[in-house]
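Visitor: So that we are looking at the same thing, I have put the structure below in structure tokens.
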Amino acid sequence: MEWTRGDLLGLEELDRAEIEMILDTAASFKEISSRPVKKVPTLRGRTIVLFFFEPSTRTRSSFELAAKRLSADSLNISTSTSALSKGETIKDTLRNIEAMQVDIIVIRHSSSGIPWALSRLVAPAIINAGDGCHEHPTQALLDMFTIKEKLGKIEGVNVTILGDIAHSRVARSNIWGLRKMGANVTVCGPRTLLPRDIEKMGVIVTDNLKDGLKNADVVNVLRIQRERQKAGLLPSLREYAQRFGISSEKLRQFARKDLLIMHPGPTNPGVEITPEVAESKTSVILEQVTNGVAVRMAVLYLVAQARDETKEEE
Ligand code: NCD
């Protein structure tokens with residue numbers, strides 16, 4: 001199979017073979033990060049702009065390291081330092097960046113759909129690093145990579161996504177990706193944080209933690225996205241922690257011993273997960289972060305290569 005996409009916008013539009021190709025490419029890149037000299041010349045001379053309109057530590061630094069380990073030049077722009085704070089529109093800002101002949105723009109924005117709109121507007125490749133409550137494809141890819149690495153497969157694995165499903169782009173991208181890869185997905189959380197019609201995405205839905213955990217091989221614990229919520233969706237964080245927070249005690253009662261614990265970060269310790277569980281033997285939270293660099297190297301590489309091939313044909 002050949003990778004032909006010049007952008008990575010979301011997982012809804014990818015097919016299984018494409019997802020497998022990203023995961024396989026990431027597996028071959030992973031070893032580079034454990035070398036003393038963590039650099040290959042693959043993307044030498046390319047320019048990658050990281051354009052983040054929302055706070056980010058992990059995702060931004062992960063993309064930046066991925067770019068650097070492939071020898072690309074990277075440039076960071078954030079809302080507070082860009083002319084957007086002087087009233088320039090995002091379209092104008094990006095047109096100007098485009099005029100500086102950059103190759104790839106990695107973008108995070110609070111509005112759903114922005115990466116798709118921009119990909120029609122500007123020439124550089126667009127990679128979605130999270131758009132509103134919609135998609136966060138590289139996070140879901142690194143989650144799937146981690147599941148495959150730990151359990152040897154994704155097909156047939158029971159994954160429970162727990163928490164604020166309604167506001168989570170991580171949940172949506174995971175559901176699309178995992179379903180295509182043949183995993184069984186359950187979403188679990190308070191009714192007010194489960195989107196209506198979510199069943200249509202091919203998932204099992206429950207507002208009972210015990211039911212959510214009983215068959216799970218993996219639990220992907222999400223943060224309560226307070227910044228995105230309208231008031232009144234949750235009685236209190238304390239009550240949420242009591243009903244849905246993952247603690248050693250609840251795991252002993254409801255889950256299998258080797259349940260894999262995942263979390264995209266940042267965690268709110270004591271709310272959705274106790275520090276003890278986050279640091280426990282079956283937690284792979286930091287391995288997810290390690291794998292994120294390899295997955296983003298794969299995405300940057302595949303997208304750049306597809307662009308080269310289209311140019312050659314022209
Ligand atoms: C997630 C995000 O930004 O969507 N975090 C991340 O990318 N590591 C999840 C979150 O903010 O809770």
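Visitor: Going out from 0 in 10 Å bins, what whole percent of all Cα-Cα distances in the range 251-314 drops into each bin?
Guide: Distribution as computed: 18, 33, 20, 15, 10, 4, 0 percent.
Visitor: May I ask you to derive the FRET efficiency for Arg5 and Leu233 from their Cβ-Cβ distance with R0 = 25 Å, giving the value to the nearest 0.05?
Guide: Details: r = 36 Å, r/R0 = 1.44.
Given R0 = 25 Å and the Cβ-Cβ separation, E is 0.10.
Visitor: Can you give the charge dipole size of the range 144-205 about its Cα centre, rounded to the nearest 20 debye, using +1 on the beta carbon of Lys and Arg and -1 on the beta carbon of Asp and Glu?
Guide: Details: 10 positive and 5 negative charges, 22 e Å.
Dipole about the Cα centre, nearest 20: 100 debye.
Visitor: Can you put Trp116, Trp176 in order, fewest other beta carbons within 10 Å first?
Guide: On the way: Trp116 18, Trp176 22.
Fewest to most other Cβ atoms nearby, the residues stand as Trp116, Trp176.
Visitor: Mind checking the dipole of the chain: about its Cα centre, +1 per Lys or Arg Cβ, -1 per Asp or Glu Cβ, Debye to the nearest 20? Each step should come with its number before you reach the end.
Guide: Details: 43 positive and 40 negative charges, 183 e Å.
Dipole magnitude for the chain comes out near 880 debye.
Visitor: Still on this structure, please answer the following. In the chain, if the dipole is taken from +1 on Lys/Arg beta carbons and -1 on Asp/Glu beta carbons about the Cα centre, which of Ile204, Ile273, Ser33 is farthest to the positive end?
Guide: Going by the Cα projections, it comes out as Ile273.
Visitor: Further question: Where both residues lie in the chain, what percent of DSSP beta bridges are antiparallel, nearest 5? The partial results should precede the final answer.
Guide: Details: 1 of 36 bridges.
Just about 5 percent of them are antiparallel.
Visitor: Considering the options Ile104, Asn184, Ile126, tell which one lies farthest towards the positive end of the dipole of the range 43-184, charges being +1 on Lys and Arg and -1 on Asp and Glu at the Cβ, about the Cα centre.
Guide: Of the candidates, Asn184 comes out farthest on the positive side.
Visitor: What is the antiparallel percent of DSSP beta bridges lying wholly in the range 137-288, to the nearest 5? List each step's numbers first, then the result.
Guide: Values: 0 of 18 bridges.
So the antiparallel bridges in the range 137-288 amount to around 0 percent.
Visitor: Past 27 Å, Cα to Cα, is the threshold; run Lys180/Lys250; Lys180/Lys214; Lys38/Lys148; Lys30/Lys91; Lys91/Lys148 against it and keep the listed order.
Guide: Numbers: Lys180/Lys250 30 Å; Lys180/Lys214 23 Å; Lys38/Lys148 24 Å; Lys30/Lys91 35 Å; Lys91/Lys148 39 Å.
Flagged as over cut-off: Lys180/Lys250; Lys30/Lys91; Lys91/Lys148.
Visitor: Rounded to a whole number of µm²/s, how large is the Stokes-Einstein D of the range 137-288 at 10 °C and 1.306 mPa s, given Rh as the Kirkwood radius over C-alpha pairs?
Guide: Working: Rh = 15.1 Å.
Approximately 105 µm²/s, per Stokes-Einstein.
Visitor: While we're on this one: Divide the volume of the convex hull of the Cα atoms of the range 202-314 by its number of residues and quote the answer in cubic angstrom per residue.
Guide: Working: hull volume 19.0 nm³, N = 113.
Convex hull volume per residue, Cα atoms: 168 Å³.
Visitor: What's the extension gain from Glu98 to Val289 if we count 0.36 nm per residue and subtract their Cα-Cα distance? List each step's numbers first, then the result.
Guide: Working: separation 191, 0.36 × 191 = 68.76 nm, distance 3.00 nm.
Value of the extension gain: 65.8 nm.
Visitor: Using the basic label-point model (7 angstrom from Cα toward the beta carbon), what is the Arg243 to Thr310 distance in nanometres?
Guide: Each label point is offset 7 Å from its Cα along the Cβ direction, giving 4.6 nm.
Visitor: Tell me, Kirkwood radius of the chain from alpha-carbon pair distances, in Å? Before the final figure, lay out each step's value.
Guide: Values: mean 1/r = 0.0499 Å⁻¹.
The answer is 20.0 Å.
Visitor: Can you give me the angle between helix 58-69 and the longest principal axis of the chain, using Cα atoms only, in degrees from 0 to 90, rounded to the nearest 10?
Guide: Helix 58-69 sits at roughly 40 degrees to that axis.
Visitor: Could you state the angle between the C-alpha long axis of helix 90-99 and the longest principal axis of the C-alpha atoms of the chain, as a value from 0 to 90 degrees rounded to the nearest 10?
Guide: 40 degrees
Visitor: Quote the charge dipole size of the range 137-288 about the Cα centre in Debye, to the nearest 20; the model charges only the Cβ of Lys and Arg (+1) and of Asp and Glu (-1).
Guide: Computed about the Cα centre, the dipole is about 280 debye.
Visitor: With label points built 7 Å along Cα→Cβ from the Cα atoms of Ser71 and Asp197, find their separation and express it in nm.
Guide: Placing both labels 7 Å beyond Cα along the Cβ direction yields 4.9 nm.
Visitor: Sticking with this one: Quote the FRET efficiency, to the nearest 0.05, computed for Arg35 versus Leu151 with a Förster distance R0 of 35 Å and r equal to the Cβ-Cβ distance. Walk me through the numbers on the way to the answer.
Guide: Working: r = 26 Å, r/R0 = 0.76.
Efficiency for this residue pair is about 0.85.
Visitor: Given the range 98-203, what whole percent of its Cα pairs are spread farther than 18 Å?
Guide: Everything past 18 Å amounts to 54 percent.
Visitor: On a full-extension model of 0.36 nm per residue, what is the gain between Ala27 and Arg44, subtracting their alpha-carbon distance, rounded to one decimal in nm? Please report the intermediate quantities before stating the final value.
Guide: Working: separation 17, 0.36 × 17 = 6.12 nm, distance 2.07 nm.
In short, 4.0 nm is gained.
Visitor: While we're here: Could you sort the peptides 189-196, 286-293, 214-221 by per-residue average Cβ neighbour count (10 Å cutoff), highest mean leading?
Guide: Details: 189-196: 17.2, 286-293: 19.5, 214-221: 21.2.
Per-residue Cβ counts within 10 Å, averaged per peptide and sorted highest first, yield 214-221, 286-293, 189-196.
Visitor: I'd like the orientation of helix 16-30 relative to the chain: the angle between its Cα long axis and the longest Cα principal axis, in ° from 0 to 90, rounded to 10.
Guide: Once rounded, one gets 80 degrees.
Values quoted throughout were computed directly from the atomic coordinates according to the rules given, and no laboratory measurement underlies them. Predicted model only: the values in this text are computed from it and were never measured. Neighbour counts run over all protein chains shown; Cβ positions are idealised from the backbone, glycine included.
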